[in-house]
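Single-structure report; data block below.
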Amino acid sequence: MRTLSKTLGFAVTVAATFAACAAAATLALGSTTLSAGNAPVASCGVSSLTGTQSVNNSNNVTQVVVSNIPAACSGDTLSITLADQNHLPLGSSSVTLGSCGTTCSATFTSFGASVTAYLVYSYQFAVVGA
Amino acid sequence: MRRPRIRRRWIAVIAAGALGAGTTVAFAATLGVGSWHLWAGADNLSLGVCTLTGSTTTSDTYVNQSSSGSNYSSATTMAVHPNSGSQEWAFVWFNVASCGIPTTGAADAATLVFVASGVPSPSRTLTLQPVTSSFTFSSVTWNNAQSLTYGTPTESFATPASAGSGVGFYVTQNVDNWIKGTANYGWRISDGGSNTGTTATFYTSNSASNQPQLQIIWTKP
């Protein structure tokens, strides 16, 4: 029992130390105030996106251009999925947005498979980044 | 003798679990959750179909090397002939703009169909390619057609086996480019050249039937 108590005590101490470090890590070192709580995950200012696709003579999508992406999304990853009328994926792609001026644009040229243009009923977008 | 060994094993398991829990909390705490971006949404496309045929939306003609100053824009058929010195080229244009497709739209499938009024024997392979310089259908002749420029061939196709038969193929990329703003001067149909070939003829938009047709399936955001 003594061995068990000692070991458990040690483990709890170590866990508490890590948790304390964790709490410390949330502090903004340069700030003079201290707070804690939950922060919502915000978008980079996107309210909607639209794509314009180009098509070859085999009726396959060769590219989709997405423009008017807010500059605050610079460095984020934009993913696109071309979906059919049942919202099933036909192909997908993602790009990392570079540094932008007023707005960003992205060009997707490969979707992992040939995508027949007239089967595409929607573009599904996701923007993720720091 | 065996009990202490079992107890030590449990102790080790509990200790490892506690350590793991502590380090997990520490790792998660290094994420600045509040600084991350996340957005998801969809752009649902609208689908449309536009069919262009007839003289109100189509212009077509041909030019003839052996009658180099003549214009045939009111003819009911257009000819394509390969032989040097008597070549004939056909031209056709559709008013794609009349479909009202926005420049942010796209052609998903564009199909061009001609119906033969006369066929060569043996069959010939003809070339369709976009015209990339301006001209006027009502005044184009063999002579002034020599200064026109052309884009990459869109399609090579065999002439139909018999008069009255149609030939159709996709021209989606050309139409898509025109929707997006590239100037539309139509296409030329020509024969690669030979001195033994015979003439292929197709009905034009001036014909009472079997006129050329361009059907566009398109989408817009």
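Would a scan of the range B:170-177 turn up a residue that is surrounded by 13 or more Cβ atoms within 10 Å (Cβ to Cβ) and of a type in the set (Ser, Thr, Tyr)? Let's see the steps before the verdict.
Restricting attention to the range B:170-177, the residues satisfying the condition of being surrounded by 13 or more Cβ atoms within 10 Å (Cβ to Cβ) are B:170-177.
The next check asks that each one be of a type in the set (Ser, Thr, Tyr); those that pass are B:170, B:172.
So far as the range B:170-177 goes, yes, one or more of its residues are surrounded by 13 or more Cβ atoms within 10 Å (Cβ to Cβ) and of a type in the set (Ser, Thr, Tyr).
So if I check each of A:Pro70, A:Pro89, which one is within 11 Å of chain B (Cβ to nearest Cβ) and either within 16 Å of B:Ala40 (Cα to Cα) or in contact with a helix residue (DSSP H, G or I) (Cβ under 8 Å, 6 or more places away or on another chain) (or both)?
Details: A:Pro89 fails: within 11 Å of chain B (Cβ to nearest Cβ).
Criteria check complete, one pass: A:Pro70.
Applying the selection to the range B:156-181, what residues are outside any loop (DSSP other than H, G, I, E, B), closer than 24 Å to A:Val61 by Cβ, out of contact with any Leu (no Cβ under 8 Å at 6 or more places or on another chain) and not hydroxyl-bearing (Ser, Thr, Tyr)?
B:Gln173, B:Asn174, B:Asp176, B:Asn177, B:Trp178, B:Ile179, listed by residue number.
Please verify whether the range B:135-153 includes one or more residues that are in a strand (DSSP E or B), closer than 17 Å to B:Pro212 by Cβ and hydrophobic (A, V, I, L, M, F, W, C).
Kept after step one, since they are in a strand (DSSP E or B), are these residues of the range B:135-153: B:150.
So of that shortlist, the ones also closer than 17 Å to B:Pro212 by Cβ come out as none.
Taking every residue of the range B:135-153 in turn, none turns out to be in a strand (DSSP E or B), closer than 17 Å to B:Pro212 by Cβ and hydrophobic (A, V, I, L, M, F, W, C).
Between a residue in the range B:146-175 that is away from chain A (no Cβ under 14 Å) and any residue that is of a type in the set (D, E, K, R), which pairs come within a Cβ distance under 9 Å, given they are 6 or more apart or on different chains?
B:Leu148/B:Arg188; B:Tyr150/B:Arg188; B:Ala158/B:Arg124; B:Thr159/B:Arg124
Pull up the range A:116-130, narrow it to residues that are closer than 15 Å to A:Gly51 by Cα and β-branched (Val, Ile, Thr), then point me to the one that is surrounded by the fewest Cβ atoms within 10 Å (Cβ to Cβ).
A:Val127
Condition check ((1) of a type in the set (D, E, K, R); (2) more than 24 Å from B:Val167 (Cα to Cα); (3) in contact with a strand residue (DSSP E or B) (Cβ under 9 Å, 6 or more places away or on another chain); (4) surrounded by fewer than 18 Cβ atoms within 10 Å (Cβ to Cβ)) across all residues:
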{"site": "B:Thr53", "(1), (2), (3), (4)": "no, no, yes, yes"}
{"site": "B:Ser66", "(1), (2), (3), (4)": "no, yes, yes, yes"}
{"site": "B:Tyr72", "(1), (2), (3), (4)": "no, no, yes, no"}
{"site": "B:Met78", "(1), (2), (3), (4)": "no, no, yes, no"}
{"site": "B:His81", "(1), (2), (3), (4)": "no, no, yes, no"}
{"site": "B:Phe91", "(1), (2), (3), (4)": "no, no, yes, no"}
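Being surrounded by 13 or more Cβ atoms within 10 Å (Cβ to Cβ) and part of a loop (DSSP other than H, G, I, E, B) is the filter; apply it to the range A:71-113 and report the residue that is modelled with the lowest pLDDT.
A:Cys100
Looking at the range A:44-51, can you tell me whether even one residue there is at pLDDT below 70 and either within 7 Å of another protein chain (Cβ to nearest Cβ) or part of a helix (DSSP H, G or I) (or both)? Give the derivation first.
If we filter the range A:44-51 for residues that are at pLDDT below 70, which is where we start, we get none.
There is no residue in the range A:44-51 that is at pLDDT below 70 and either within 7 Å of another protein chain (Cβ to nearest Cβ) or part of a helix (DSSP H, G or I) (or both).
Failed condition for A:Val65, given (1) over 18 Å from the mean Cα position of the chain (by Cα); (2) within 9 Å of chain B (Cβ to nearest Cβ); (3) at pLDDT 90 or above, with all others met?
Here A:Val65 clears every test but (2).
As an exercise: evaluate B:Val49 against (1) under 25 Å from the mean Cα position of the chain (by Cα); (2) at pLDDT 95 or above; (3) within 22 Å of B:Val140 (Cα to Cα) and give the number of the one condition it does not meet.
Going through (1) under 25 Å from the mean Cα position of the chain (by Cα); (2) at pLDDT 95 or above; (3) within 22 Å of B:Val140 (Cα to Cα) one by one, B:Val49 breaks only (3).
If only one of B:Thr172, B:Thr154, B:Thr132, B:Thr125 is closer than 18 Å to B:His81 by Cβ and either modelled with pLDDT under 95 or among the hydroxyl-bearing types (Ser, Thr, Tyr) (or both), which one is it? So that I can check it myself, show each step before the final result.
Numbers: B:Thr172 fails: closer than 18 Å to B:His81 by Cβ; B:Thr154 fails: closer than 18 Å to B:His81 by Cβ; B:Thr132 fails: closer than 18 Å to B:His81 by Cβ.
Selected residue: B:Thr125, the only one of B:Thr172, B:Thr154, B:Thr132, B:Thr125 that is closer than 18 Å to B:His81 by Cβ and either modelled with pLDDT under 95 or among the hydroxyl-bearing types (Ser, Thr, Tyr) (or both).
The values are calculated or read from the model by the stated rules, or taken from the named source; none is laboratory data. Values in this document were obtained by computation on a predicted structure and should not be read as measured data. Note that each Cβ is placed from the backbone with ideal geometry, even for glycine, and that neighbours are counted across all protein chains shown.
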